[in-house]
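Everything below concerns the one structure shown next.
The values are calculated or read from the model by the stated rules, or taken from the named source; none is laboratory data. These numbers come from a predicted model, not from an experiment. Because the Cβ atoms are built from the backbone with ideal geometry, glycine has one as well, and the counts that use them run over all protein chains shown.
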Amino acid sequence: MPREEDTPCASLAVESVIRLGGAGLSWGFFYGPYEADRKGIIGKSRASLVAKTICKCGLLCGIAAGTFSATSCRAQRYRMKKDRINSSIAGAVTGAALALRTRSLKQIVGTASAISALATVADFSTA
C-alpha cells in the first residue's frame, strides 16, 4: 500500500474532484427542483433549470476540491512540511479561484481570506 507522501498530487486532485464533484451533483439534484419550485417554473424550462443546476453544483464543487487538494499537496512538497500553512495557502488559492468570475479585487481578496481562514480552522480541529 503506497504512503500518502508517495501519491502524486495530480492523483489526489482527481480523487477530490470525483468525490466532491459527486457530492455537488447530489446537492444539485436536490437543490435544482427546489429552485424550480421557488421560481414557479414548469415543463421543459424546469427540466433545463434542474439539469443546469446539477451540472453547476457538481462542477463548482469539483473545481474547488481539485484546486484545494492540488495546491495543498504542492505546498507541502515545496515547503517539505506538513502543517497548517499548507491549508492556509490552499484555501487562499481556492477562494481566489472561486471568486475570479466576479472580477472584483475586493471580492477575490475577501473570498480568498475567508476560505483560507476556514481551511486553517478545519485543519487545526483535525490535528
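Quick notes on this one:
- Top-ranked residue of the stretch 92-127 - restricted to ones that are part of a helix (DSSP H, G or I) and among the charged types (D, E, K, R), ranked as farthest from residue 58 (Cα to Cα): 106
- When each of 61, 9, 73 is tested for being in contact with a Cys (Cβ under 9 Å, 6 or more places away or on another chain), crowded, with 17+ Cβ neighbours inside 10 Å and not aromatic (Phe, Trp, Tyr), the lone residue that passes is 73.
- Filtered by the rule that a residue be over 18 Å from residue 8 (Cα atoms), among the polar types (S, T, N, Q) and outside the structural domain of residue 16 (by TED's automatic domain parsing), the stretch 47-101 gives 88, 94.
Here is a yes/no grid of residues against (1) more than 16 Å from the chain's Cα centre (by Cα); (2) free of Cβ contacts under 8 Å to residues at least 12 places away in the same chain:
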{"position": "76", "(1), (2)": "yes, yes"}
{"position": "85", "(1), (2)": "yes, yes"}
{"position": "90", "(1), (2)": "no, no"}
{"position": "100", "(1), (2)": "no, yes"}
{"position": "107", "(1), (2)": "yes, yes"}
{"position": "119", "(1), (2)": "no, no"}
{"position": "122", "(1), (2)": "no, no"}
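- Unmet requirement for residue 118, which otherwise passes all of (1) at pLDDT 90 or above; (2) not assigned by TED's automatic domain parsing to the domain that holds residue 14; (3) not polar (S, T, N, Q): (1)
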